[in-house]
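Enquirer: Take a look at the following structure, please.
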Amino acid sequence: MIWLGIETANTPLSVAVVKDGKVVAEMVQNIKLTHSAGAMPAIEEILARVGLKPNDLDAIAVSEGPGSYTGVRIGVTLAKTLAWTLQKPLVGVSSLQALAANVVLYNGMICPVFDARRGNVYTAVYQGMALEAIVDDYHAHIDDLLERLKALEVPILFVGTDVDIFWENIVEVLGDQAVRAPFSFDLPRATEVIRVATKKELPNVEATHYFVPQYKRIAEAEANWLKEQKEKQHE
Amino acid sequence: MGEFIMKNGMILAIESSCDETAAAIIRNGKEIVSNVVASQIESHKRFGGVVPEIASRHHVEQITMVIEEALAQANLKPADLDAVAVTEGPGLVGALLIGINAAKAFAFANNLPIVGVHHIAGHIYANALVQPMEFPLLALVVSGGHTELVYMKEHGSFEVIGETRDDAAGEAYDKVARVLNLPYPGGPRIDQLAHEGEEAVPFPRVWLEEDSYDFSFSGLKSAVINYKHNMDQRGEQISPTAVAKGFQESVVEVLTAKTLRAAREYQVKQVIAAGGVAANRGLRTSLEAVFNEEGIPFFVPPLKLCTDNAAMIGAAAMPMFEAGMRGNLMMNGRPGMELKSWV
């Protein structure tokens, strides 16, 4: 069973090939290169290095969001098109769960964080090795998140490069409850995307057409439009 | 990637630069084997215009289905294709990226070369799907985002001799439609109202410098807004048909006169109109009349090839492919891409 994993949900890029439960190759980087310029060449290169043709793949795993709208869409578009044209199953994995999966052999609460600008984050709480969702993936103001975490009254391990943006705020609210994961756990990795994907059931190939990103947030124009409709109803 | 010889002359083309998700299969750059367009107009209507983020979301939802439908209607497999063509720019960057990344993944998986096409080159080459292009040629490109006069000496040679200095013609149509409270997209409605109108409100014609082939429509748009404002203040009703007729007459007269003058100066053998606004009845009729009298063949593609589609991208990609033009897997969306000659 040969998997290709694709992770482009935020600035970091990662692609990986896993064969029969063993990592064959993985590429992880965190540089300012657009995913449109970087992702497809990375896939081409990793397959060339491990001596595989596109059709040798048995399944594709992709980080489905949340994260940067454009970043998520590029990974999903590449994965969706490859899976459809090669007629191989496509499995989507939460970008937050995949990041939490970096923290292996840890049994406590893990809080992955992606910056969503203006004091907002995409976040969740996953527990331990089973990566059980205690707080489902959502878009929230950092203050809302910290309030919920404080109520849990247990240590929280924060992971992700964007944690640093909010760290002062986090410590201020949570004090000793807040634990910072080592920097080497901070980048999302395509091998973890694949590892989480292998725990899921393989969908049939017809499902690929209906695969969509998990933005966890409606578009701003749509939010405004819904608000207007509501106001009209009240008038 | 990079073969120069074609097996069947079959190009799969993909277009996603604005609010249409489109795929087509074109044979030898002139025969439409299939042409699929998934329009998002219904979704954008409630916002009164195209919302880029919503457009991008719809493109991801539709893209593989649209490509599959293009292959199914053509009764072809990926192995029957010779190349993949895709709109590289200009357009909404987030929207362009979906078509581009789908095209790259498809090309890579099926070991096909990829060609990145300029959207306006596509609009012009839509004509190659109707009759052979004869050079030198003059193209009037009019759409929601573009108003350009393009002179072509030969295949792949583009000289933009005139362009809008502010609003595109289609943009002016949409804004005037909003003044008249017409639903989006307003262009076709204004065209219809203009035809129903007997009287026309006189609006100015903007000619710019005497020898210029450039256009300007923002003054005309303001004139319409001011007219409505003044009438409102006086408590008088405006006649939508008279406003539409007056506005359209101004746009059509300037577009027609400048196109005619350019056609004479450049002594072209063919004049073509392209882009969404080229479907406008008023403009079409006016251009047909003057070029008929002038004795220069004038062509405008059928409606479904005037509005955004992938068939036109496949038509433009063929001469590019033959000239050895190739994209690669690093291709990125180019929202402000310039129309450049490839010869």
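The values are calculated or read from the model by the stated rules, or taken from the named source; none is laboratory data. It should be emphasised that the depicted structure is a prediction, and the values quoted were computed from it without experimental measurement. All Cβ positions, even for glycine, are placed from backbone atoms using ideal geometry, and neighbour counts span all protein chains on display.
Enquirer: On the basis of being assigned to a loop (DSSP other than H, G, I, E, B), at pLDDT 95 or above and not acidic (Asp, Glu), does B:Asn292 make the cut?
Expert: no
Enquirer: Sort out which residues of segment A:199-216 are more than 10 Å from chain B (Cβ to nearest Cβ) and of a type outside the set (Asp, Glu), and write them in order of number.
Expert: A:Lys199, A:Lys200, A:Leu202, A:Pro203, A:Asn204, A:Val205, A:Ala207, A:Gln214, A:Lys216, listed by residue number.
Enquirer: Further, regarding this structure: Suppose we keep only residues that are β-branched (Val, Ile, Thr) and in a loop (DSSP other than H, G, I, E, B) within segment A:31-79. Which one would you say is farthest from the other protein chains (Cβ to nearest Cβ)?
Expert: A:Ile31
Enquirer: Could you check segment A:170-188 and list, in sequence order, the residues that are in a helix (DSSP H, G or I), closer than 14 Å to A:Met109 by Cβ and either of a type in the set (Val, Ile, Thr) or under 24 Å from the mean Cα position of the chain (by Cα) (or both)?
Expert: A:Ile170
Enquirer: If you don't mind, another one. Give A:Ile194, A:Ile218 a once-over and let me know the one that is outside the structural domain of A:Thr123 (by TED's automatic domain parsing) and assigned to a helix (DSSP H, G or I).
Expert: Matching residue, one of A:Ile194, A:Ile218: A:Ile194.
Enquirer: What number of residues in segment B:245-294 are polar (S, T, N, Q) and either surrounded by 23 or more Cβ atoms within 10 Å (Cβ to Cβ) or in contact with a Lys or Arg (Cβ under 7 Å, 6 or more places away or on another chain) (or both)?
Expert: 4
Enquirer: Right, next: Exactly one of (1) away from every other protein chain (no Cβ under 14 Å); (2) more than 15 Å from the chain's Cα centre (by Cα) is unmet by A:Asp162. Its number?
Expert: (2)
Enquirer: Keeping to segment A:99-122, report how many residues are closer than 20 Å to A:Ser14 by Cβ, assigned to a strand (DSSP E or B) and either in the same structural domain as A:Gly67 (by TED's automatic domain parsing) or not aliphatic (A, V, I, L, M) (or both).
Expert: 4
Enquirer: Shifting gears a bit: With the structure loaded, tell me whether A:Leu226 is over 17 Å from the mean Cα position of the chain (by Cα) and buried (at least 19 other Cβ atoms within 10 Å of the Cβ) or whether it fails that test.
Expert: Criteria not met by A:Leu226.
Enquirer: Among residues belonging to segment A:80-93 that are at the interface with another protein chain (Cβ under 7 Å from one of its Cβ atoms) and not aliphatic (A, V, I, L, M), point out the one that is surrounded by the fewest Cβ atoms within 10 Å (Cβ to Cβ).
Expert: Among those that are at the interface with another protein chain (Cβ under 7 Å from one of its Cβ atoms) and not aliphatic (A, V, I, L, M), it is A:Thr85.
Enquirer: Separate question: I want to confirm something. Restricting to segment B:29-51 and keeping residues that are surrounded by fewer than 17 Cβ atoms within 10 Å (Cβ to Cβ) and within 25 Å of B:Ala315 (Cα to Cα), which single residue is farthest from the other protein chains (Cβ to nearest Cβ)?
Expert: For segment B:29-51, the residue satisfying everything is B:Glu31.
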